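Structure first, then comments.
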Amino acid sequence: MASVKVKFKKLRRDDSYGSIVYEVKHCRKVKVIVNRFNISVSEWDLSRNMVHVACPARSGIGLDMSRFSRIINLLEERGVPYACEDIVEEYMNFCASWSMFQVLQTEVLKLKGQGRERTAAAYRQTLNSFSSFRHGVDILIDEISPALIEGYQAYLRTRGNALNTVSFYMRILRAAYNQAIENAALENRRPFRRVFTGLAKTKKRAVSITMIKRIKNLDLRADSDADFARDMFLLSFYLRGMSLVDMAFLRKTSLSDGRLIYQRHKTGQTLEIEWRKEMQAVIDKYPANPTEYLLPIITKPGINEYVAYRKVGYKINKNLHAISRMIGAPSRLTLYVARHSWASAAKSRHVPIGVICEAMGHDSETTTQIYLSSLETSVVDRANSMILSLL
């Protein structure tokens, strides 16, 4: 049966340091792999021919030996002859394929190929964040421990991320990790068991109908960017708190016979809204969109549409912050505030909770979807009509 030994090789340019090498033996043949670990002579125990207990590289070397052991066992189980080269190749392939950065990057490319640009962007954002935490140093998936993930959580918190943002990164990283562990047939060490992956209750972001009226009545003709931001905020409110991504990807064909029918990007649920004069007034204010889309958010054909809508969203929210100061809003305005404000207005007018629970963002979205699916669209239309009549 094959064997692997850990050896120490001094660097020619500096006798006080050296490299860890793995000597793979099988069928009287030997292959040597130079490891990524460089250690000092004092960290190598010559009498026992192994690294000292206090050596920082010890745990990494131990993991490598476990990998070799697993590879050799798998090759033996196949029952066919194998050589040293096969062991080395399997080891090198594992190191190249099953690192956390590589796993996330592969998932980004797969999601893009499926046309799931928004989810791909979330994975890319998580990759960038985790890479920043690791100072650009990749890590193999079987090296990821609870302590490491707790350290990542602490890193995110010290950078000012809210609990729900921390959970966003943790859930994506956990999904990628779990999938990779399953595909690589490795033991799941459950490294995410001690970090936050839930949904924290957030501060209410709604503004009153009175405040919505003040936003609507602002004279912003001298500032076209602020005027546009205000219009998109109001349109989101008119459309029962529709999210920007859903607004951006509304097609002209979505509007027909006084009804707007679209699918939510987040859930895939089909929703229908009565098209009202307030909504049409916003559309009429701007030149016709040269693309297939209804609203003036994605306006140039042939560009990366998701990048375009995110840039517009950033610009809108920046201008909404300025509008917050103009009207003395109790908190900063964002497009998300429009969503919460519609729900709050509906609730204060005793609209049934089943009608407004989607806009309120309940903890159990599955229950919300089931409940809403049984409602007639006319019930929701009447609720929205009542709210818009207050403006």
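The values are calculated or read from the model by the stated rules, or taken from the named source; none is laboratory data. Fair warning: this is a prediction, and the values are worked out from it, not measured in the lab. Please note: Cβ atoms are built from the backbone with ideal geometry, for glycine as well, and neighbour counts cover all protein chains shown. Ligands, DNA and RNA are stripped out before the accessible areas are found, and what is left, the full protein with its side chains, is counted by its heavy atoms. Shrake-Rupley method; radii C 1.70, N 1.55, O 1.52, S 1.80 Å.
Below are the figures for this structure:
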quantity	calculated
Members of segment 168-183 that are closer than 25 Å to A200 by Cα and either open to solvent by 10 Å² or more (accessible area, probe 1.4 Å) or at pLDDT below 95 (or both)	F168, Y169, R171, I172, R174, A175, N178
Single residue of segment 318-348 satisfying the filter (of a type in the set (D, E, K, R) and farther than 13 Å from L239 by Cα) that is surrounded by the most Cβ atoms within 10 Å (Cβ to Cβ)	K347
Any hit, segment 148-165, residues being of a type outside the set (K, R) and under 29 Å from V34 (Cα atoms)	yes
Of all residues making up segment 108-121, the number that are hydrophobic (A, V, I, L, M, F, W, C) and either surrounded by fewer than 18 Cβ atoms within 10 Å (Cβ to Cβ) or closer than 18 Å to C95 by Cβ (or both)	2
R36, sole failed condition from (1) modelled with pLDDT of 90 or more; (2) within 32 Å of the chain's Cα centre (by Cα)	(1)
Cβ-Cβ under 7 Å pairs, at least 6 apart or on other chains, segment 69-89 side in a loop (DSSP other than H, G, I, E, B), far side surrounded by fewer than 13 Cβ atoms within 10 Å (Cβ to Cβ) and of a type outside the set (S, T, N, Q)	A83/C27; A83/K29
Unmet requirement for G151, which otherwise passes all of (1) more than 16 Å from E107 (Cα to Cα); (2) open to solvent by 60 Å² or more (accessible area, probe 1.4 Å); (3) at pLDDT 95 or above	(2)
Breaking point among (1) closer than 20 Å to L295 by Cβ; (2) surrounded by 16 or more Cβ atoms within 10 Å (Cβ to Cβ); (3) not hydrophobic (A, V, I, L, M, F, W, C), for Q263	(2)
Odd one out for F237 among (1) among the aromatic types (F, W, Y); (2) open to solvent by 10 Å² or more (accessible area, probe 1.4 Å); (3) touching a residue at least 24 places away in the same chain (Cβ under 8 Å)	(2)
Residue selected from segment 284-343 under the condition at pLDDT 90 or above and among the aromatic types (F, W, Y), by the criterion farthest from S208 (Cα to Cα)	Y293
Identity of the residue in segment 284-310, in contact with a strand residue (DSSP E or B) (Cβ under 9 Å, 6 or more places away or on another chain) and not in a loop (DSSP other than H, G, I, E, B), that ends up most open to solvent (accessible area, probe 1.4 Å)	E305
Residue list for segment 44-53, filter: surrounded by 11 or more Cβ atoms within 10 Å (Cβ to Cβ) and free of Cβ contacts under 8 Å to residues at least 12 places away in the same chain	D45, H52
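Results for (1) in a strand (DSSP E or B); (2) among the polar types (S, T, N, Q); (3) in contact (Cβ under 8 Å) with a residue 24 or more places away in the chain; (4) open to solvent by 30 Å² or more (accessible area, probe 1.4 Å), shown as yes or no for each residue.
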site	(1), (2), (3), (4)
Y17	yes, no, yes, yes
V24	yes, no, yes, no
I33	yes, no, yes, no
C55	no, no, no, no
L63	no, no, yes, yes
